[in-house]
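Please treat every number below as a calculation from the coordinates, not as lab data. Since the structure is predicted, the reported quantities are computational estimates derived from the model, not experimental observations. For neighbour counting, all protein chains shown are included, and Cβ atoms are generated from backbone atoms with ideal geometry for every residue, glycine included.
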C-alpha cells in the first residue's frame, strides 16, 4: 500500500473540503440575497399597471374623438367608393366588414387614433393625435415585460444558479484531486521503490538496486542508495574473501608446521640409513636417497609457499607512479620471455596511487607471469593504466585461450597445484595484496582474445587522458 500517496491525498482533502464547503455556502447565500433583489415582481406589477394605463388612455382618446366628431370640431377625411383602389389598407378592411364604426391606431408606432364611420357609400375618417403616447410601442414593451415575467415564473433561477455553481466548483475540485493523485503517485512511487530497495538490502540482498528515473532530489537519493549498495556489496565481498583467506592461512600454517615436523626426521633417518649400509648396496642407496631428498626439497618449497601465503607482512604504503611501475615490471620480465610481444597503453599524467610498492610489484609479476604462460610462444601481452571512477586501474591482457567458466568460479580461491612451478596460490596472494592496499582485482573481458585482469587501487590524483606506447 502506498501510504505516502494516501497521506498526500488525505492532506489535500482535509485542506480543501472545509474551505470548499464554506465557499459554496457563502456563494449560494449571496446568490439567494441577489435574487431577492431581482425586479421580476416589480416588473409584473408595472406591466399590469402599464396595461391598465394604456387601456384608460385608449378609451378616453376614443370617447374624446367620437364626441369631437359628433360636435363637428374635426373635419373628416372622406373616402369615396370611386377611389377605393387608393384607400389605405385600414379603410379597406373596415369597408369590407360589418361594423358601422371602428377605431384604428395609425401613425408612427400608434401615436394617432382614427375614427372610421360609414356614411352612405363613403367612409369618413376622423383623426386625432395622441401626442407623445405611442400605443404600438407601449404594447410591444408590455408584451416583452409579460414574456420576462412568464419566463421567470417558469424557471427556478435560485436552484439553477446554485446547482450550476456547485457543479462547476465540484468539477474544478475533482480535476485538482485527479491531478494531485497523479502527482502524488509520481512522487511516491520512487520513494516506495527506494523503501523496497532498502528493505531488500536490510534483508541481506546486497544486489538490490533501484532504477533511477528522475533527476531531482529523489533521483539523487536513489543514485546515492545504489552507490551505497554497491560499496556495501564490494566491502562485504572483500570481508568474506579476507575471512576465507584467514581460514586458509590458519590451515596453511598448521599444514606447514606438521609437514615440516615430519620432514626433518625423515631426512635424518634417510641420511642415517645411507651411512650404515654396506658398500655393495651403496649405489642403490645413494640413488634411492637422492630421490627421497629431492621429494623432500619439493615439499619444502611447497611449505615455504604456504608459509608465504599464511604470513601477514607489514603494509608500507607510498605514493607510486603506476606507469613507471608497469613499464619496469614488463621490462624486467621481457628478457625472460623474448618469444612474446609486449604492448603498453598508458594514461597521460602518470596517475599516482597510494600503495605498498612490494605488494604491487608482486601483483604485477604474478599477473604478467600468468599471462606469459597462457599466451605461449608468439603470443601477445597488453598492459594498460587508466583512471576509473576515482581509482586507478592497471590491466593485464593476454592472447591465450582465456578462462573457462569453471576457472572463473574459483579464480581467486587458494587451490593446490601439482605443476612443477605452480603452487595454486598466486592469484589468491595477489588479490590479498590488492585488498591490503585498499584496492581489489577483478577478471575482465580480454582485449586480445584471452584472459584479462584489472587491478584497482586508491588514487591520489586523477584527471588523465590516454595515449598509446609501444613496450
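Extension gain, residue 286-residue 13: 0.36 nm per intervening residue step, less the Cα-Cα distance, totals 88.2 nm.
How much length is gained on full extension from residue 268 to residue 50, taking 0.36 nm per residue of separation minus their Cα-Cα distance?
63.6 nm
For the range 40-154, relative contact order (Cα pairs under 8 Å, six or more residues apart, normalised by length) works out to 30 percent. Taking packing as the residue-averaged number of other Cβ atoms within 10 angstrom, the listed peptides 57-64, 377-384, 107-114 run from highest to lowest as 377-384, 107-114, 57-64. Treating r as the C-beta distance of residue 57 and residue 171 and R0 as 56 Å, the FRET efficiency rounds to 0.60. The slack between residue 299 and residue 189, meaning 0.36 nm per residue of separation minus the straight C-alpha distance, is 33.3 nm.
Given a Förster distance of 25 Å, report the FRET efficiency between residue 444 and residue 217 from their Cβ-Cβ distance, rounded to the nearest 0.05. Please report the intermediate quantities before stating the final value.
Working: r = 35 Å, r/R0 = 1.39.
E between residue 444 and residue 217, to the nearest 0.05, is 0.10.
In this simple spin-label model, placing a label point 7 Å from the Cα along the Cα-to-Cβ direction at both residue 408 and residue 136 gives a separation of 10.4 nm.
Relative contact order for the range 320-449: 25 percent, from Cα pairs under 8 Å spaced at least 6 residues apart, divided by residue count.
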